[in-house]
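What follows is one structure encoded as structure tokens, with my remarks underneath.
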Amino acid sequence: MIGALIAKSKVTSSYDLLNSRDITKFLANWHDESTFVYPGSISASGEFKGKKAIEEWFQKLLDQFPTFKITPKNVCVKNVLDFVGTNVVTVEWVEENINKGGDKVQVGGVTIITLKFGKATHAKDYIFATDEELRKAWGE
């Protein structure tokens with residue numbers, strides 16, 4: 001149970017760091033050789049390997065959305081007893097953003113995060129929006 005509480009706290013505090021646009025502290029929760037996967041077939045889509053590539057992706061996100069807020073709704077932990085090894089955390093979230101063009105954007109999704117010793121090694125987003133909606137949000 002303690003493992004689940006620690007994992008949930010670590011993940012939700014990471015979302016707070018992203019909301020406050022503190023990329024440096026946000027990335028402190030990722031391993032150097034981690035991977036992030038963003039879905040779809042837009043310019044922001046793809047698999048990003050290594051902390052530098054992930055930093056560039058999240059900076060692009062914050063540049064595109066001057067007003068950015070992501071709110072975790074449900075956080076589920078695979079192994080509730082493990083707090084020092086590998087674990088998987090699933091986060092259902094909602095974003096309420098305004099892009100550079102002034103458009104309000106609301107999307108929901110789920111991110112599955114693999115943690116090793118409390119840091120993300122792999123994260124993959126599943127977004128509840130069409131490519132057309134994502135293109136509009138990203139200004140494409």
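The values are calculated or read from the model by the stated rules, or taken from the named source; none is laboratory data. Given the structure is predicted, the values throughout are model-derived calculations rather than measurements. Glycine gets a Cβ as well: all are built from the backbone with ideal geometry, and neighbour counts include every protein chain shown. Side chains included, ligands, DNA and RNA excluded: accessible areas come from the protein's heavy atoms. Shrake-Rupley method; radii C 1.70, N 1.55, O 1.52, S 1.80 Å.
Side notes on the structure shown:
- Residues in the stretch 124-137 that are open to solvent by less than 80 Å² (accessible area, probe 1.4 Å) and hydroxyl-bearing (Ser, Thr, Tyr): Thr130 only.
- Every condition in (1) touching an Asp or Glu at 6+ places or on another chain (Cβ under 6 Å); (2) open to solvent by less than 30 Å² (accessible area, probe 1.4 Å); (3) not β-branched (Val, Ile, Thr) holds for Glu95 except the one numbered (1).
- Within the stretch 51-64, the set of residues being open to solvent by 40 Å² or more (accessible area, probe 1.4 Å), without any contact (Cβ under 8 Å) to a residue 24 or more places away in the chain and of a type outside the set (Lys, Arg) comprises just one member, Glu56.
- Selected residue (criterion: modelled with the highest pLDDT) from residues of the stretch 79-114 that are among the hydrophobic types (A, V, I, L, M, F, W, C) and more than 27 Å from Phe65 (Cα to Cα): Val88
- Single residue of the stretch 3-50 satisfying the filter (open to solvent by 20 Å² or more (accessible area, probe 1.4 Å), touching a Phe, Trp or Tyr at 6+ places or on another chain (Cβ under 6 Å) and more than 17 Å from Trp93 (Cβ to Cβ)) that is modelled with the lowest pLDDT: Ile6
- In the stretch 98-123, the residue that is farthest from the chain's Cα centre (by Cα) out of those that are closer than 21 Å to Ser34 by Cβ, of a type outside the set (D, E, K, R) and open to solvent by 50 Å² or more (accessible area, probe 1.4 Å) is Phe117.
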